[in-house]
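Take a look at the structure set out below.
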Ligand SMILES: [Zn+2]
């Protein structure tokens, strides 16, 4: 799942000034710095999004291959993906989304950055929940997707050491979304027909070179 929650923070304080009071210049400076920082975050978000493959790109429909070599390139890729995820203000990013057809993704769990290479879901709850999901590769779209509430995911970290995460929502939802990317599956494939039609109408028409 990609986040859409943090985009509006920081604007609340800007509209209060009406000129009746002597301004506290220290406060004005602080507000200006905060506004500047917000503009910079937004600029960085847009630059990051421009580096993430967008809907219509056929690579998003392709199946990624297992990682076999745990080399420096893999470590650098994981670091680059983690940085890009944060700059894009997302909470998960799959290698497919940066055009690399290898089975790894990064995500955030309880504020911690995680990497899973060759991920496999080894257990999932019968209990499910429907909630809206967005995606850094389908920027205009937010659609309801039903997912198991708890999953266990296993794989390795970027150095090849085994990792195992027992996750609840929201992290459980994030890893299922990212694992889908490695199989060429998108949220519009997981939602109901009406939501899919609405999403496809919002997505700019583009030539679809994949199987669908
Ligand atoms: Zn996504």
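Each reported figure results from applying straightforward, stated rules to the coordinates on display, with no laboratory input. Since this is a predicted model, take the numbers as computed values, not measurements. Using ideal geometry, Cβ is built from the backbone for each residue, glycine included, and neighbour counts are taken over all protein chains shown.
Using the per-residue mean of other Cβ atoms lying within 10 Å as a proxy for protection, in what order, highest first, do the peptides 194-202, 60-68 fall?
Highest-to-lowest ranking by the protection proxy: 60-68, 194-202.
Peptides 83-95, 164-176 ranked from most to least packed give 83-95, 164-176, packing being the mean of other C-beta atoms within 10 angstrom over each peptide's residues.
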